[in-house]
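Following: one structure in structure tokens, then a few remarks.
The values are calculated or read from the model by the stated rules, or taken from the named source; none is laboratory data. From a predicted model like this one, the values you see are computed outputs, not experimental measurements. Glycine gets a Cβ as well: all are built from the backbone with ideal geometry, and neighbour counts include every protein chain shown. Just so you know, the surface numbers come from the protein's heavy atoms only, side chains and all, with ligands and any DNA or RNA stripped out. Shrake-Rupley method; radii C 1.70, N 1.55, O 1.52, S 1.80 Å.
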Amino acid sequence: MSESLEQQFAEGSLVWVRNQKSSCSLPWLKAVVVAAAAEGEGVELELQVHSDLKDIFAFDESPEAGTRLRSSPESCRSRTEDDTIVEDLVLSTVLHEPAVLKNLGLRYLCDDIYTYSGQILIAVNPFKPLKSLYGPTMMRRYYDKFLGDASPHVYAIAEQAYKSMLIDRGPQSILISGESGAGKTETAKLVMQYLAMRHAAPPRQRASTSEGPDLSEAKGASPFTAGLVSSNARRRRNSNPVEQQVLQSNPLLEAFGNAKTVRNANSSRFGKYVDLKFNDMGQIETAHIETYLLERTRVVQLSSMERSYHIFYQLCKGASPEQREELYLQSHTVSDFAYLSCSEVLGIDGVDDADDFSVTQRAMSLIGISEGEQLEALKIVSAILHMGNILFSDALESDSAVMDGSLVKDGSEKHLKAAASLLGVQEDDLEQALTTRTIVAPDNTYRKGLSPSDAVKARDALSKTLYEKLFNWVVEVVNRNMHSDSATSHKLSIGILDIYGFESFKTNSFEQLCINLANEHLQQHFNFQVLRHEQEEYTKEGIDWKFIDFQDNQEVLDTIVGTGGKNKLSGIMPILDECCRLPRTTAADFCFSLKDKLGSNSSMMFHKKHPHCFEVRHYAGPVMYDTTHMIEKNKDYIVLEHTNLAKSSTSNFLQVLFLAGCEDVGDSKTKTTFKLRTVSSIFSKQLKELMSALCQTDPHYIRCIKPNYSCLRGNFVAGYVNEQLAYGGVMEAIRIARSGFPSRKHFCDFVYRYDILLDAKTREMCEDSDDKHVTELILRTLNLQRWQVGETKVFMKEGVVPILENKRNAILYDAVVCIQSHFRSHLVQRQVKEMREALVIIQSYWRRELAKKMFNDLKVARAATLIQSSWRMLPHRKRFVAHRRNQKAIIIQACVRSYFARKESDAAKLVLIRKARKASAINIQRYWRRHQAQKEFARIKEEAAYVRNLEDENRYLKEQISLARESISKSSEEDAATLEKMEGLKAEFAKRLASLEGKLLDATTQRDNLLTELQEMKRVQEEATSSAREKDQAMLALQDSGKDLQGRISKLEGTVDNLQSSLDNTTAENELLRDQVQTAQNDIKGRLEESESTCVNLKSENEQLRSEAKKFQKQILDLEERLQSDKATANGFKDQLEMMSPDKLGLDEVEESKIVQEVVHPLAFDKLSPEKQKDFLDLISMAMKNLQYINGTSVSAFWISLTLWDWAREWDAPEFQGALDTIPGQILSKFREYDSVHDRSHCWHVINTAIALSYLSRHKPPLKDFECAKTSELQLAVFATGIGVDNTILFRDLRQMMYNILNPARLVDTANKSSGLSRKRLDIPATVKAFLLDLQGIMSDIESAHMSNVLAKTFVLEMLNMTDMEILNQLLMRRECCSTSSARILDLTLRHIEKWALQSCSALSLKEVRWSLRRSIQACNFLLVHKTDIARAFKHGIPLTQLLEGKTDKLNLQQVYRLVAYHHDDWILGNRMNSDSYGLLHGLKREIAKNAGSNAHRMASPTPLSPNHAVTWRTGDDDTEAELLIDVVSASIDFESALREALVGATPEDPWDKFDQFPSFLRAKKMF
């Protein structure tokens, strides 16, 4: 054994050893090398525990741990303890079969079903819908991306082929292979779907339009996606018709070419090559479909657990009554037809054949097949079913005149009649074609009858021929309709090959031979392309390489198809064709010919136990073929009777269908009644053309893998997958890679992992060196061979990496031992220190106890001394007290003294009580007199005001008298009306004069009373003053009150003097007035007589005025009735407004534009008069241009509110309601107009105006003599609610504007790019600084708009909440964002956002800020800190609920599961995931399933959002992403409710309190 193998498999090395069992689900076992291999001996191994592989693979049992065995080094593969997974197998640390299987199993566990192997895409069928992997959103991730820029996906292969076609200007091909049930058909659908949508518009634009296929309504049972195209999308033909026809050709070809097999419910029983032709602009112009090797025998022969083609069952179950009558299917079901009932399976679970039949018909219509052609095609299908029920009997056993041959049984005549009618032929002609055969002799033509068994064969041959020709016709119609007349030549094309994979069953026949022949050709092509790619990689990196030898399967191809030339019978296919041409050749003859001509061929073997079989050694393994039915399956006769039958048909469709390609049959010159064509020759020709076409294209490979035999979810059988990888050529590609340099690493990754192999001094010297130099130094220091250094990577032969890993593990082991020894030493030292400290503490406690004991002894001794002294004192004290008691004089003196003392004490108390009572009475009297004086003073003041009013009235009377005198002197000849007025004035003056005289007397009396009271108050004051002098400092306050009273009295005296002088003046003026009145009376007496006639006329006029007054009263009653009706109408308006509120209208389902344009009251704004419309528009235009503010409220709001209150007084209620209903729409349009031009200051001014209008409209402005109707006030109150608290649309637009400005998604993009990240420090990225500047800009706009602190706080919290939602949603949707470096950047970003929020808004607290960012903070902390700790603790058996408590309470379990599944520690491990994380994933799955009912609070999630992308954990089909992402709609509702509370709290009590300080144009009563 070489030195490298000795190092690779040294003692203690970890290895994989091949399982020696022939059929096992675990092909490789874990082991450790116990003893290295001696010269010529194998390696001694000891098997390890395989229980941890249960989480990855599905296997029944494994060998017991500890079992020892010996194996050759060739059967062993190196193994590392690194459980990281990679997206490209070529980048694995070690590249061999067990490493590939483990990597695929780990990715399959995380629902990562796609994996690269170089340029090959491996797709593992998950057998469950993964909605998050497909659709327009996922297409956006791969749009215009190169291979490797994103995670492995089928879209990436399609995008690579499309870009290569446009860049290289050459044809491309995508080769999809795999066994039945691996998902080839669905993968081909996804490729065609992506290419059909790729050339139109970028997916971001197309997703928002209604054109093109709608993937959001997909329907189906695809294991990869929820379906391809919905029924609504299929009816859309606005886009390129070729795209639609390409997509719609799939269900049509599936109906006629797919069937249920044992392994797959929708298995394609034919090969398909779709060639899409593109123009120079990259648009699909035409397409062509080529099919290969349709399984004809399935029409007439089925196994017990399989079905025939889907179209038969769809027709029987989904045909309409009219179709059933026309196709003779009235009373027939699937079980009534012999071709279908020979199988035990008549239906498929989860598939409705009736619905699929309608889909097939719709696809035929979209392809371009007319209804007439559809009916003719269905007639052929129905005729085949009826022919299968035709049975035959021997003519000799019947009473027929036919002497030989066979006849149709009596019970089968109705089916014969139905088949003949459907084919358009006579019954006798059909019966003759099935029961006879024409023999052409040189001199004559003879007709020979067929035996019943031969007749059955003829019937089945006709059925197979009809179905094959019908299938070819369907393909031809699809190609004809997809062909574009404008397309002449196309250099750009992409071919999609959906072909069967390598097959090896217990019994293999002609079909498997043809299928495996095609796979041999494809494998040869595949090997050449893989080898070329490997050599291109070496050339690109500048590696010195030699030609890599690989297994060439040309010998196997020559064995099957022959070498040609002179030796024509040198292959299996030529020999089979020759046997088909010879009459009466049996399978034994064919097998003998093979042994004779190919017995010495090394690619074939013949077994004595199976004389009728032969074995071919294919690239994927040996396969044994049974020759029993090969000759019959290879024959493809064109029978003369069948051709003549078609010619005699009245159906043109059958003639065209059957006679296509058969023009030379039936010619009179021919000597035979049939022409033989072999299936092998036709297939070989098609295969040759296919390979020729593929050789002219650049291929792209997709290998579909079926993870288990039973199509179960989450079941990964390693042995079964290993076989498919071998069949698909992946293992061969790995072997080719291993023969070169299978292990390759980037320099930085290599240095990061293996720099520990250098000593400390060398590492210190290499700090400034580049990674390439350090890599070479490591490899040379270890004296390793078989490696080369490229431009960006280091390439290593097989075995180098295990040596590096072993040395690294040894160094780590020594380091661990050293760390453990130091740690144990530290533990012992700490224990000794603790013991020493404990000893000191014990000693101190003991000393304390001794001191306490000594102290207690001292206390006891002192107490004893004190007791003794006290005890000795007691007798002496008793004797002294007794002596004193005996002294009687002392006792008498004491009693007398106590008596006098008590007496003096009682008298003093009485004196004090009397003084206190007297002082209290004086105080009460004083306060009462002061109260009476104040009351009297108020009354006197009122009377003085009344006297002043009398003086004003006297002055007014003087003016009236002077005016009367002037009028009398000027108009002496006026009518008697003036005299009558003067009489009235005289009477009124006399009354007022009498009243003034009475009041004057009263005032005089009051003055006397006041003087009396004033003297009394002076006396009271003197008494209070004298009593106050006798009291202490407590009575000084009474002196102050007395001074106040004295001042008031002096004021009262001045007031009385003023009243006296005013009374004197009034008396003088009254005397003068009396003289003037007397003079006026004398002047008026002369004119009284002249006025009598005038009085008569005035009486008549008074009567007329009374009648008019009655009319006015009636009109007033009418107006009151109208007012009552207006109140009822106003109540109706209020009800209508409530019904038109956002909650009643359902704003979540109604478009905002319609709500803005809708008018609540029937009287719309356009029905107002032009003048009022002009006033309204001028108001809005002029008011919104004013950006000034008064007391934090916009001038525009005051302007509009004052005008509305003015209109409420002048306009009718319907007109005013129309104006009110139009204002919200005008304000919203202004906001959107300013938002569209990014004028944020105007936008915030509009918000301030709307909010101010909401509370200005509830309060009346302080205008003099202002009054409006109650209806208008009610309308304004409703308008205030609609423009403020319930203005949902405006606030949603405001929220959208803030979101557009902030664009929080850029924070996650910045974190994903790791901008400003280094291992020593973290710098805030430029994008985060720009985000903070945008936040500060919005805050500045809010402050410039004079928003209240409550509203500003609400807006800031909403911006933080939007940032929190966007960050968490991006983390849950994008795996690349869940790295450690991204989490560190996001954590730094959140801290800066917290700091900004606390500095910019003083009303915010740290608790409120962190609550708004709670989800993002907890997600980042989980990724950075808690996830690793929880995974390790869970690995040691701590319950998961206990670990998650308090660390993920803001997240639900599905979100935690997604974070764990997406997290990759690129900070330490690179783009990898450790084994602890996989264990945590399993624990989360089990916890979610177990606690689905009990932990409802952790499972709670927001209201469902539009379908998006989420990795589902449950097994149901109703998995949605709503339980994963945060709902934006509910967040908007929370913002609206918070803003509503802020508006209620920010409403001032009186917004008009400083109205008198407003500008003059606002205080004006009219605005326009």
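Values for this structure:
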| item | result |
| --- | --- |
| Residue check for residue 1432: within 18 Å of residue 1524 (Cβ to Cβ) and either of a type in the set (D, E, K, R) or over 24 Å from the mean Cα position of the chain (by Cα) (or both) | no |
| Residue in region 761-789 that is most open to solvent (accessible area, probe 1.4 Å), counting only those that are of a type in the set (S, T, N, Q) and on the phi < 0 side of the Ramachandran plot | 785 |
| Residue tally, condition open to solvent by less than 30 Å² (accessible area, probe 1.4 Å) and not in a loop (DSSP other than H, G, I, E, B), over region 383-399 | 8 |
| Qualifying residue in region 649-663 (condition: among the small types (Gly, Ala, Ser), in contact with a strand residue (DSSP E or B) (Cβ under 9 Å, 6 or more places away or on another chain) and open to solvent by 10 Å² or more (accessible area, probe 1.4 Å)) | yes |
| Exclusive hit being within 18 Å of residue 189 (Cα to Cα) and small (Gly, Ala, Ser), set 282, 271 | 271 |
| Residue within region 59-80 that is closer than 30 Å to residue 132 by Cβ, assigned to a loop (DSSP other than H, G, I, E, B), open to solvent by 20 Å² or more (accessible area, probe 1.4 Å) and modelled with pLDDT of 70 or more present | no |
| Given (1) modelled with pLDDT of 80 or more; (2) under 19 Å from residue 1347 (Cα atoms), index of the condition residue 1233 fails | (2) |
| Subset tally (residues that are crowded, with 23+ Cβ neighbours inside 10 Å, modelled with pLDDT under 80 and either in a helix (DSSP H, G or I) or out of contact with any helix residue (DSSP H, G or I) (no Cβ under 7 Å at 6 or more places or on another chain) (or both)) for region 714-741 | 7 |
| Per-region count, region 755-810, residues closer than 26 Å to residue 79 by Cα and not in a helix (DSSP H, G or I) | 19 |
| Any hit, region 103-116, residues being of a type outside the set (Ser, Thr, Tyr), under 27 Å from residue 535 (Cβ atoms) and in contact with a strand residue (DSSP E or B) (Cβ under 8 Å, 6 or more places away or on another chain) | yes |
| Selection count where residues are open to solvent by less than 40 Å² (accessible area, probe 1.4 Å) and either over 19 Å from residue 260 (Cβ atoms) or in a loop (DSSP other than H, G, I, E, B) (or both), scope region 324-350 | 8 |
| Residue list for region 744-770, filter: among the basic types (Lys, Arg) and touching a Leu at 6+ places or on another chain (Cβ under 9 Å) | 744, 745, 753 |
| Contacts under 7 angstrom Cβ, first residue in region 304-323 being closer than 16 Å to residue 266 by Cβ and hydroxyl-bearing (Ser, Thr, Tyr), partner open to solvent by 10 Å² or more (accessible area, probe 1.4 Å) and not in a helix (DSSP H, G or I), 6 or more apart | 308/302 |
| Residue match in region 270-284 (condition: farther than 20 Å from residue 704 by Cβ, open to solvent by less than 20 Å² (accessible area, probe 1.4 Å) and modelled with pLDDT under 75) | no |
| All positions within region 596-622 that are in a helix (DSSP H, G or I) and surrounded by fewer than 14 Cβ atoms within 10 Å (Cβ to Cβ) | 596 |
| Residue check, residue 919 in contact with an Asp or Glu (Cβ under 8 Å, 6 or more places away or on another chain) and surrounded by 10 or more Cβ atoms within 10 Å (Cβ to Cβ) | no |
| Selection status of residue 380, at pLDDT 90 or above, touching a helix residue (DSSP H, G or I) at 6+ places or on another chain (Cβ under 6 Å), among the aliphatic types (A, V, I, L, M) and assigned to a loop (DSSP other than H, G, I, E, B) | no |
| Some residue of region 311-320 being surrounded by fewer than 15 Cβ atoms within 10 Å (Cβ to Cβ), modelled with pLDDT of 85 or more, part of a loop (DSSP other than H, G, I, E, B) and within 47 Å of the chain's Cα centre (by Cα) | yes |
| Residue 488 vs. criteria β-branched (Val, Ile, Thr), modelled with pLDDT under 80 and more than 43 Å from the chain's Cα centre (by Cα) | yes |
| Which numbered condition residue 1437 fails, given (1) crowded, with 17+ Cβ neighbours inside 10 Å; (2) without any contact (Cβ under 8 Å) to a residue 24 or more places away in the chain; (3) assigned to a loop (DSSP other than H, G, I, E, B) | (1) |
| Check on residue 420, open to solvent by less than 80 Å² (accessible area, probe 1.4 Å), closer than 24 Å to residue 652 by Cβ and either modelled with pLDDT under 90 or hydrophobic (A, V, I, L, M, F, W, C) (or both) | yes |
| Every residue from region 24-49 that is in contact with a Pro (Cβ under 8 Å, 6 or more places away or on another chain), farther than 17 Å from residue 100 by Cα and at pLDDT 65 or above | 42, 43, 47 |
| Filter result (part of a helix (DSSP H, G or I) and touching a Ser or Thr at 6+ places or on another chain (Cβ under 8 Å)) within region 1236-1260 | 1241, 1244, 1245, 1248, 1249, 1252, 1253, 1254, 1255, 1256 |
| Criterion (more than 46 Å from the chain's Cα centre (by Cα), closer than 29 Å to residue 625 by Cβ and either modelled with pLDDT of 80 or more or surrounded by 18 or more Cβ atoms within 10 Å (Cβ to Cβ) (or both)) met by exactly one of 450, 470, 462, 497 | 462 |
| Condition met for residue 372 (of a type outside the set (A, V, I, L, M, F, W, C) and more than 23 Å from residue 422 (Cβ to Cβ)) | no |
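Each row is one residue, and each column tells you yes or no for (1) more than 19 Å from residue 1244 (Cα to Cα); (2) modelled with pLDDT of 85 or more; (3) hydroxyl-bearing (Ser, Thr, Tyr).
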residue: 1322; (1), (2), (3): yes, no, no
residue: 1337; (1), (2), (3): no, yes, no
residue: 1350; (1), (2), (3): no, no, no
residue: 1361; (1), (2), (3): yes, yes, no
residue: 1367; (1), (2), (3): yes, yes, no
residue: 1370; (1), (2), (3): yes, no, no
residue: 1377; (1), (2), (3): yes, no, no
residue: 1387; (1), (2), (3): yes, yes, no
